[in-house]
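Take a look at the structure below.
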Amino acid sequence: MEDNILEQLENDLQDFDTSKADMQGLSEACKSLIHWQQVEQAKEEELKGIQDKIKKLSEEIIPEAMLTLGLDQLKLDNGLKLSVVDNVYAYISEENKPTCYNWLRDNNLGSIIKNEIGVQFDKTQDAEAIDLKARLSSEGLPVTHKESIHPSTLKSTMKELVKKGISVPDAFNIHIGKKTRIAK
């Protein structure tokens, strides 16, 4: 089916003759654009539905079935091995950032926090930007400071803390669940 869509799109692109750029040709190109945007939107919605089904199978149905059957792992006839592993999700909302970041720093985990400092310059201030490192504080320039934690870093850190039995504040919005892992 995808081949047909790509083939049809290619045909639509070839049908529009730029040397014959009249109102009718432009109108047809606009209609084609709208059509392909609608196709794209439908495919994105279809993909979202597929991803939701995969998540439900991986995180709910298979782990529950394996638990009910008392299985830690399962080898399929195609040689693949399924196992259910612990999975930790963590999220810090904007309103909880100060609390969470302070907790991380107080517990010697502040190194996972990335700090980004920026200064706004206009187009004519190239020389000032180059000299910034030496005179940042004394210049009085408007400095922005952004702190962030990469989601994968947060997830792995929280997973390790949970594994060690360390209590983490609710502000981290941690969800502990199961996930199906498939290996050869």
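Does Gln73 fit the bill of being within 24 Å of the chain's Cα centre (by Cα), more than 21 Å from Ile174 (Cβ to Cβ) and of a type in the set (S, T, N, Q)? It is false that Gln73 is within 24 Å of the chain's Cα centre (by Cα), more than 21 Å from Ile174 (Cβ to Cβ) and of a type in the set (S, T, N, Q). Can you tell me which residue is surrounded by the most Cβ atoms within 10 Å (Cβ to Cβ) among those in the stretch 140-175 that are modelled with pLDDT of 90 or more and assigned to a strand (DSSP E or B)? If we take residues in the stretch 140-175 being modelled with pLDDT of 90 or more and assigned to a strand (DSSP E or B), then Ser148 is surrounded by the most Cβ atoms within 10 Å (Cβ to Cβ).
Scanning the stretch 71-92 for residues that are assigned to a loop (DSSP other than H, G, I, E, B), surrounded by 11 or more Cβ atoms within 10 Å (Cβ to Cβ) and touching a residue at least 24 places away in the same chain (Cβ under 8 Å) gives Leu80, Ala90, Tyr91, Ile92. One residue stands out among those in the stretch 103-139 that are assigned to a loop (DSSP other than H, G, I, E, B) and among the β-branched types (Val, Ile, Thr): the one that is modelled with the lowest pLDDT, which is Thr124.
Residue-by-condition table, conditions (1) closer than 24 Å to Val88 by Cβ; (2) among the small types (Gly, Ala, Ser); (3) touching a Phe, Trp or Tyr at 6+ places or on another chain (Cβ under 8 Å):
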site	(1), (2), (3)
Gly25	no, yes, yes
Ala29	no, yes, yes
His35	no, no, no
Ala42	no, yes, no
Glu45	no, no, no
Lys48	yes, no, no
Glu60	yes, no, no
Leu67	yes, no, no
Asp72	yes, no, no
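The set of residues in the stretch 54-70 being surrounded by 16 or more Cβ atoms within 10 Å (Cβ to Cβ) and either within 22 Å of the chain's Cα centre (by Cα) or in the same structural domain as Asn173 (by TED's automatic domain parsing) (or both) consists of Ser58, Glu59. If the condition is being in contact with a Ser or Thr (Cβ under 9 Å, 6 or more places away or on another chain) and either exposed (fewer than 10 other Cβ atoms within 10 Å of the Cβ) or free of Cβ contacts under 8 Å to residues at least 24 places away in the same chain (or both), then the stretch 105-116 contributes Asn115, Glu116.
The values are calculated or read from the model by the stated rules, or taken from the named source; none is laboratory data. These numbers come from a predicted model, not from an experiment. Note that we place each Cβ from the backbone using ideal geometry, even for glycine, and neighbour counts take in every protein chain shown.
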